[in-house]
Amino acid sequence: MAKKIVNTSKAPAPIGPYNQAVMTGNLLFVSGQVAINPATGNIEASGIAEETTMVMKNIGAILAEAGMDFGNIVKTTIFLSDMSLFSVVNEVYAQYFTADFPARETVAVKGLPKNVNVEISVIAST
């Protein structure tokens, strides 16, 4: 099955040897996104709510580049620096979905790229 690379300047450039997303068949695999502002390349969030909002905006930009939106997401994975952040992240996350919520897991990890507090990856389907 052929794969198509999806990249947009409206989301942060990868900070390693990977792409923002890969489409294969009817599935779009979006790499984990952190709160990097694509315009500056910096993390400018002052708290976990702002950080999560930037992550979701970055995911939205990648989805749009692939002709999709949050309604196409079937699976998310959320990585947190500390589970005490769960309720705030969940509150922001919930603003991007209205019904038919995707499957999801949330895990706490020892560290994340750029010392951020949240990273989210998604799988979407046409």
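The values are calculated or read from the model by the stated rules, or taken from the named source; none is laboratory data. As the structure is a prediction and not an experimental result, all values here were calculated from the model. Counting neighbours? That spans all protein chains shown, and the Cβs are built from the backbone with ideal geometry, glycine included.
Of note:
- Among the residues of this structure, Glu65 does not count as one that is in contact with a Pro (Cβ under 9 Å, 6 or more places away or on another chain), modelled with pLDDT of 95 or more and either surrounded by 12 or more Cβ atoms within 10 Å (Cβ to Cβ) or of a type in the set (Lys, Arg) (or both).
- For the criterion of being farther than 25 Å from Lys110 by Cβ, modelled with pLDDT of 95 or more and within 14 Å of the chain's Cα centre (by Cα), Ala11 passes.
- Of all residues in region 16-56, those that are assigned to a helix (DSSP H, G or I) and either in contact with a strand residue (DSSP E or B) (Cβ under 9 Å, 6 or more places away or on another chain) or β-branched (Val, Ile, Thr) (or both) total 7.
- Residue within region 3-12 that is in a strand (DSSP E or B), touching a Pro at 6+ places or on another chain (Cβ under 9 Å) and crowded, with 16+ Cβ neighbours inside 10 Å present: no
- Considering the conditions (1) under 13 Å from Glu119 (Cα atoms); (2) surrounded by 15 or more Cβ atoms within 10 Å (Cβ to Cβ), Ala45 is excluded by exactly one of them, (1).
- Any hit, region 74-84, residues being farther than 26 Å from Asn7 by Cβ, assigned to a helix (DSSP H, G or I) and among the hydroxyl-bearing types (Ser, Thr, Tyr): yes
- There is at least one residue in region 106-113 that is in a helix (DSSP H, G or I), touching a strand residue (DSSP E or B) at 6+ places or on another chain (Cβ under 8 Å), modelled with pLDDT under 95 and not acidic (Asp, Glu).
- Evaluating Phe101 against the criteria (1) within 24 Å of Ala13 (Cα to Cα); (2) without any contact (Cβ under 8 Å) to a residue 12 or more places away in the chain leaves one unmet condition, (1).
- Filtering region 74-126 to residues that are surrounded by 12 or more Cβ atoms within 10 Å (Cβ to Cβ) and among the acidic types (Asp, Glu) leaves Glu91, Glu119.
- Cβ-Cβ contacts under 6 Å between residues 6 or more apart (or on different chains), taken from a first residue in region 32-59 that is within 18 Å of Asn7 (Cα to Cα) and free of Cβ contacts under 8 Å to residues at least 60 places away in the same chain to a second residue that is buried (at least 21 other Cβ atoms within 10 Å of the Cβ) and among the hydrophobic types (A, V, I, L, M, F, W, C), are listed as Pro38/Ala11; Met54/Ala35; Asn58/Ala11.
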